[in-house]
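S.K.: The structure follows.
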Amino acid sequence: MVTKADMVGVYRGRGEQVVDAGGKVIHSANTSSGQIMYTADGYIGVVSTPAGRENLANSGGRTDLGGATAEELIAATRGVTCYAGRFEVKDGEVHHHVEMALNPNLIGQTMIRRVEFDGPDLTLSARPDAQGNVRKILWRRV
């Protein structure tokens, strides 16, 4: 059984898959750059961005996107996942309790993922959708 201590670490994204109810991979991609971190005291942070994003014309040395034009802001945030909060492990699943996020609709939500380890590799799987398809996010411990 997976424990909280098993989760602790930093992982880099290796891609994602969608597997149908019969176990067949129906989608596979590695078009993003991501990192997820689990701390010993129960915090999680995740950032995933699409590969090949364009630089801003003038960031003004800022770390936020305050210097972006409206068009740049849309392009820079499209496909980005960014959230943080606390986590807990229950019955082979990790529960991400979202406290802050780029997408404000996630705040206050709990995302539940089935956990599988294979050596340094971590797979986080969503619960099946209405068609029985499962989205899997693939990570490797760094």
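Just so it is clear, none of the values below were taken in a lab; they were calculated from the coordinates. Because the structure is a prediction, the values reported are computed rather than measured. Counting neighbours? That spans all protein chains shown, and the Cβs are built from the backbone with ideal geometry, glycine included.
S.K.: So which aspartates and glutamates can LYS24 reach, going by Cα to Cα under 17 Å and dropping same-chain residues fewer than 8 places off?
M.R.: Of all the aspartates and glutamates, those that pass the test against LYS24 - Cα under 17 Å, at least 8 places apart if same chain - are GLU16, ASP129.
S.K.: I would also like to ask the following. Given Cβ point charges of +1 (Lys, Arg) and -1 (Asp, Glu) and nothing else, what value in debye, to the nearest 20, does the dipole of the chain about its Cα centre take?
M.R.: Dipole about the Cα centre, nearest 20: 180 debye.
S.K.: Could you give each residue of the stretch 30-37 its phi-based ³J(HN,Hα) in whole Hz, using Karplus coefficients 6.51, -1.76, 1.60 with θ = phi - 60°, and x for Gly or Pro?
M.R.: Going residue by residue, I get 9, 10, 9, 10, x, 9, 10, 10 Hz, with x marking Gly and Pro.
S.K.: Next question, about the same structure. For LEU102 and THR3, FRET efficiency with R0 = 25 Å and r from the beta-carbon atoms, rounded to 0.05?
M.R.: For THR3 and LEU102, the calculated efficiency is 0.25.
S.K.: Can you give me the distance in nm between label points at PHE117 and ARG12, each placed 7 Å from the Cα along the Cα-to-Cβ direction?
M.R.: Placing both labels 7 Å beyond Cα along the Cβ direction yields 2.1 nm.
S.K.: Can you list residues whose amide H is under 5 Å from VAL2's amide H, if they're 5+ apart or on another chain and H is modeled 1.01 Å from N?
M.R.: Amide H to amide H, under 5 Å and 5 or more residues apart or across chains, VAL2 pairs with GLY92.
S.K.: Using 0.36 nm per residue of separation minus the Cα-Cα distance, give me the extension gain between THR77 and ASN55 in nm, one decimal.
M.R.: In short, 6.7 nm is gained.
S.K.: Got a sec to turn the phi values of the stretch 50-65 into Karplus ³J(HN,Hα) couplings, 6.51 cos²θ - 1.76 cosθ + 1.60 with θ = phi - 60°, whole Hz, x for Gly and Pro?
M.R.: x, 5, x, 5, 7, 5, 6, 5, 8, 7, x, x, 7, 8, 9, 9
S.K.: If you take the square roots of the eigenvalues of the alpha-carbon gyration tensor of the chain and sort them as a ≥ b ≥ c, do you get rounded (a/c under 1.5), prolate (a/b over b/c) or oblate?
M.R.: Taking the square roots of the gyration eigenvalues as a ≥ b ≥ c, the chain is prolate.
S.K.: Just check the stretch 1-58 against the gyration tensor rule for me: Cα atoms, a ≥ b ≥ c as the square roots of the eigenvalues, rounded for a/c under 1.5, and otherwise prolate or oblate depending on whether a/b exceeds b/c.
M.R.: Here the stretch 1-58 falls in the oblate category.
S.K.: Around GLN109, which amide H atoms from residues at least 5 apart in sequence, or from another chain, sit under 5 Å from its own amide H, with H modelled in the peptide plane?
M.R.: When sequence neighbours closer than 5 places are left aside, the close amide H contacts are VAL98.
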